[in-house]
Amino acid sequence: MFEKNNKELQFTEPSKNVNELTSGNLEIILGINSDVKIRKLIINEKTNIQITMIYVDGLANQAFISDYILKPLYNNEKLNNAQDSKELIKLIDEGNIYISSQLKLYDINKTLDEILSGGTALIFDDCKTSIIFDTKGFEKRAISEPSVENITKAAKDSFVETIRVNTSIIRRKIKTANLVIENLVVGRQTITNVAIVYIKGLTNTNIVDEVRNRLNAINIDSAIGTVNIEEFICDDVNCVFPQIANTERPDKFCNDIIEGRVGIIVDNLPIGYIVPGTLVQFLQAPEDYGRNYIFGSFIRFMRYCLLGFTLIFPGFFVAVLYYHQEMIPTRLILAISKAHTGVVFPMVIEIIYILISFEILYEASLRIPRTIGQAISIIGTLVIGQAAVDAKIISPITVLIVATVSIASLVMPNQDVSNALRLWRFIFVIFGGILGLYGINIALILFIFKMAKLESFGVPYLSPIVSGDDQKLLEDTLFRFPMKFQKTRPKNINPLDIKRQG
Amino acid sequence: MKKIKIKRKISIVIFSILFIFIFLTGCNYFPKFVEIDDNFIVLALGIDKGIENKDNFRVTLVTKDLRETTDTKQEGGANKGVFVKFESATIFDAIRRIHTIAYKDVFYGHIEFIIIGEELARENINKTLDFIVRNYELRTMMPILIARGITAEEILDSEDEYENFVPNILDELLKNIGGHSISKVVSLKDVCVSFNSEYGDTIIGSIHKKNIQGENSKEITTIELDGYAVFNKFKLIDFLLQNNARGANFINNDINSGIIVIEDATGKKNSLEILEATSKIEPKYINNTFEANISIKVITNIDEIQNEENYFTVELIDEFNNKQKNVVLQEAQSALNFSQQNGVDIFNIGDEIYHKYPLKWDKIKDNWKEIYKQMKININVETKINGTHIIYDPIGVK
């Protein structure tokens, strides 16, 4: 623990070849760290076999090392009577040390990787081999309730930061032998483990290959945050709409894998990515499946209607109010006119002002400490609601419209989609203010063009609404039919086995 | 390098398309928009003969007063109207010149009523409606009314004791026509259709100001909807009022509901409510002359009995039926006589003859007015009494 900062070389001299697997080389690389422990052991005083034990304090479980590595090394008779290193290695190979996972390596880089992942290395200098034991014992977060996607009628576990725990959760939910969990390494400095999860014989191999190729092509330093992997995998970074679904609930993750999609789990991120992601998938919430299908269909259909409503309504309102005043019923226009008398700004400016101030409120609410959160929300309502209306800066009807529309945009189950909709709303308002309903049409054409052109891993973004091929539209998109109607997997991702039931 | 060139080409194409969309739309005065509260939203339009110059038109506009009232006593202030009047040689000129005296932009897209004064209608109504139909901003489904006995300006500019807003009053009057069926809502589109037909004539609803007793036995004036104004081509000739107008409705199949008052054998009056009334016009060609049969079917309920004696026998119902038939026959006959005497074909009998005998119609169509004055038209009425509502015998009868 309390060791000098400048450590002198304690062991054999470094060999001329830096890439050789010797303890001297390892000490040069790792010796300066204060949490790396290097220890020299001597077995069998008669023949004087020297082993070096290297582990990282904090990553390796000290109890395992002392109980299951050191004890048998010194108490086992066979090991103590070994003649030379080669025999010792052979004996350890046969299982005389009581740790279940064991690796024999000849490469220094791989040894370094294993040591820095929490393993303990026993290095035999003369044979230039190392034996690695998996003794991971670092602190990890316990499985807790999901923070955002909380549902009453479903399992309440969520992903955690450790990849091994996540894969264990998945294995517990999908017990078939066809479940495949492949491992990749991403990131030059962080060397993060990334797992690809799919079901062999069910998922289309083209998608799996594409995922593997894209992950292998990532050439960056760090893979810690989400942006580093998401931006490199997705098809079009310039589009605000997300093309990869992400979730923190393992049951949603597993359901999607069984449908035929591919899942990606990243070490140190409590998020599971699901690929390919289509727009229809972002509007499906797990609550729909927990409720009766009639109510679930109603809510889901309402979600689709609200998608259109929140996007187009402020722009439509501005367009009709400026250019097509004869479309509004007479009593309504008299009421709006009366509410608007004396107000300073024109309607377009008002609506843009309120939309921007709502965005500011959202952003500020993320940063508020909890103790003053209440006060800020009161100030927000007062400023935007009461005071601004009384000061004749905005009129009450625009507050009403924008408040309704903002609440409608929060109904979307995925937050990225909600953000994208809020951004496109501005574009619609500007177009509507310039050209009236004609402008709304132009903006709508641009929007649909952008969405229809988008693809996610070869699957069109708007499928199954867009592509033909005898796709059943209503099964799980606009409405949720009871489970006995959903006999096939979604055809747009081309699974190898179509039948799901019966 | 190729990738950048392709992207540049695509962006140039997109920008040029957007440019064409935005700036070459063909809309006049780009961008033409007016703030909502900078608009006079005109609710009713009145057209009269000019005062200074008899050849001119006088236009009255009514819009609602949307200024805020700080006077809390005056609750009805929200119902006050703002009137703007101008006189000029043509209607469009008068409407445009209003901009010289109005302090806001005038917007005609919400006009709900057009009222035309009687004097102007007696001269020629066609030239007043040309502008309204031609311009794209005014609606064509708005009702037209003729002001009987006074000018349109006096109707629109009236303020009675309750300070009710005139377009609201007219709105309610026209909504409740179905209850009595004395008149009907004639929209601008209907007038255009019937002006376009060469051999038929138009009828338009008429309104009139009336004095009734108000609170504290003061007299207040209110607007009354009382019948039709009958036109011969484009000139107003006369009015059909009250029951005569309902007779015209019987023949034209425009009855929604109404009350028929009959007098029974003892001299008391009872009332029956019309449930359904249909009519059919059948032209016939007998002995080289045209004749027509109008058959009217009426189904009613007994609604009010003012007699106290013992009632309800089968003969009584037959008696009611006969009396009812006479009443309807009389109303329809008076309307028919009126139209035949003046030579105005307001029931579109010429149209029916054209549909049934097109070749013969060709020969006589030039003399249609004379032929119509002498044509023999029979009216058959069939009535049926359906029920007596909740009770059977009147109350208090043993």
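Readers should treat all values here as calculations from the given coordinates under stated rules, not as data from a laboratory. As the structure is a computational prediction, the values presented were derived from the model and not from experiment. Every residue, glycine among them, receives a Cβ derived from its backbone with ideal geometry; neighbour counts consider all protein chains shown.
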| remark: Taking Cα pairs closer than 8 Å and at least 6 residues apart, the relative contact order of chain A in percent is 13 percent
| field | Proximal aspartates and glutamates relative to residue A:392, as straight alpha-carbon distance under 19 Å, when same-chain residues fewer than 8 apart are discounted | value | A:350, B:35, B:37, B:38, B:68
| field | Amide proton proximity set for residue B:236, modelled H, under 5 Å, gap of 5+ | value | B:122, B:123
| Fraction of beta bridges assigned by DSSP in the range A:103-151 that are antiparallel (%, nearest 5) | 100 percent
| Peptide B:102-112: average number of partner chain Cβ atoms within 10 Å per residue? | 2
| remark: Final fewest-first order of B:354, B:285 on the 10 Å Cβ neighbour count is B:285, B:354
| query | Leaving out same-chain residues fewer than 8 places away, which lysines sit with a Cα under 16 Å from that of residue A:104? | reply | A:86, A:90, A:128
| message | Rounded to the nearest 5, what % of DSSP beta bridges with both residues in chain B are antiparallel? | response | 70 percent
| Of B:54/B:209; B:189/B:284; B:209/B:323; B:49/B:233, pairs whose Cα-Cα distance is over 29 Å | B:189/B:284; B:209/B:323
| request: Counting only C-alpha contacts under 8 Å and six or more residues apart, can you give the relative contact order of the range B:161-294 as a whole percent? | output: 19 percent
| What does the average come to when, for each residue of peptide B:35-44, you count the partner chain Cβ atoms lying within 10 Å of its Cβ? | 5
| Is the protein assembly as shown rounded, prolate or oblate when judged by the Cα gyration tensor, a ≥ b ≥ c being the square roots of its eigenvalues, rounded requiring a/c under 1.5 and prolate requiring a/b larger than b/c? | prolate
| Highest-MSF residue in chain B out of B:293, B:135, B:216 [GNM, Cα springs under 10 Å] | B:216
| field | Prolate/oblate/rounded label for the range A:302-361 (Cα gyration tensor, a/c 1.5) | value | oblate
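Add -39500 (n - 2.57) for each DSSP H run of 4 or more in chain B, then divide by its residues: what number comes out at 222 nm, to the nearest 500 deg cm²/dmol? It would help to have the intermediate numbers written out before the result.
Details: 13 runs with 134 residues, N = 398.
For chain B, the value works out to -10000 deg cm²/dmol.
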| note | Row for the range A:130-231, column shape: gyration tensor on C-alpha, a ≥ b ≥ c, rounded if a/c < 1.5 i.e. under 1.5, prolate if a/b over b/c, else oblate; value rounded
| said: So for chain B, averaging the separation of alpha carbon pairs under 8 Å that are six or more residues apart and normalising by length, what relative contact order in percent results? | reply: 12 percent
| Rounded to 10°, Cα long-axis angle of helix A:347-367 versus longest principal axis of chain A | 30 degrees
